[in-house]
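Structure first, commentary second.
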């Protein structure tokens with residue numbers, strides 16, 4: 001029994017990528033901003049995990065393969081945060097982007113898919129910000145000011161819901177644009193609020 005234990009091959013244990021201190025330090029950084037030696041260590045970490053996903057013990061490619069991958073990451077995918085590069089490599093090794101071996105050409109394809117997803121996400125976030133800020137700028141425009149004025153009057157009891165439909169938003173906006181006062185009495189509506 002002891003002889004069997006002596007000849008057993010110990011499997012290398014790979015923990016979660018997120019637990020690695022170098023990954024924790026750099027995961028939000030763009031790849032182009034990571035020093036070469038740190039990027040090499042991070043890629044080795046990602047490739048070892050990917051190799052396990054693909055049925056190997058570890059990533060055993062020559063240094064020239066990692067150099068090639070580093071070269072195109074700096075050249076073509078430098079804007080990608082490290083977390084996206086890790087995600088692309090891991091998801092690629094799991095078959096998300098189709099079959100392939102863990103070689104530079106396949107990794108290039110995986111990262112190409114990853115950057116397409118990343119750019120789509122960034123565009124979506126930028127569009128979301130634009131729409132949100134445009135909604136906040138409603139006060140700048142006469143129609144927005146007129147609408148807000150009607151809401152305030154309704155809230156404060158100056159008009160009721162029946163008067164709401166009588167007040168013409170377009171005419172109110174035109175008066176506001178000309179710098180004229182706007183009051184409900186201009187359209188024959190007497191204030192409902194009792195003054196003491």
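The values are calculated or read from the model by the stated rules, or taken from the named source; none is laboratory data. Every value quoted in this text rests on a predicted model; they were computed, and no experiment measured them. Quick reminder, even Gly has a Cβ in these numbers, built from the backbone with ideal geometry, and neighbours come from all protein chains shown.
Would you mind stating whether residue 37 is under 14 Å from residue 118 (Cβ atoms), surrounded by fewer than 17 Cβ atoms within 10 Å (Cβ to Cβ) and either without any contact (Cβ under 8 Å) to a residue 40 or more places away in the chain or not assigned by TED's automatic domain parsing to the domain that holds residue 19 (or both)?
So residue 37 fails the test.
Any residue in region 167-182 that is farther than 12 Å from residue 142 by Cα, free of Cβ contacts under 8 Å to residues at least 40 places away in the same chain and out of contact with any helix residue (DSSP H, G or I) (no Cβ under 9 Å at 6 or more places or on another chain)?
So far as region 167-182 goes, no, none of its residues is farther than 12 Å from residue 142 by Cα, free of Cβ contacts under 8 Å to residues at least 40 places away in the same chain and out of contact with any helix residue (DSSP H, G or I) (no Cβ under 9 Å at 6 or more places or on another chain).
Quick one: count up the residues across region 46-73 that are assigned to a helix (DSSP H, G or I) and either more than 18 Å from residue 114 (Cβ to Cβ) or over 23 Å from the mean Cα position of the chain (by Cα) (or both).
Total meeting the criteria: 17.
Please indicate, with yes or no, whether at least one residue in region 34-45 is touching a strand residue (DSSP E or B) at 6+ places or on another chain (Cβ under 8 Å) and assigned to a loop (DSSP other than H, G, I, E, B).
No, because not a single residue in region 34-45 is touching a strand residue (DSSP E or B) at 6+ places or on another chain (Cβ under 8 Å) and assigned to a loop (DSSP other than H, G, I, E, B).
Take residue 132 and tell me if it is at pLDDT below 90, closer than 21 Å to residue 20 by Cβ and either surrounded by fewer than 12 Cβ atoms within 10 Å (Cβ to Cβ) or not assigned by TED's automatic domain parsing to the domain that holds residue 173 (or both).
It is false that residue 132 is at pLDDT below 90, closer than 21 Å to residue 20 by Cβ and either surrounded by fewer than 12 Cβ atoms within 10 Å (Cβ to Cβ) or not assigned by TED's automatic domain parsing to the domain that holds residue 173 (or both).
If residue 85 meets every condition in (1) within 13 Å of residue 114 (Cβ to Cβ); (2) out of contact with any helix residue (DSSP H, G or I) (no Cβ under 8 Å at 6 or more places or on another chain) apart from one, which number is that one?
The failed condition is (2).
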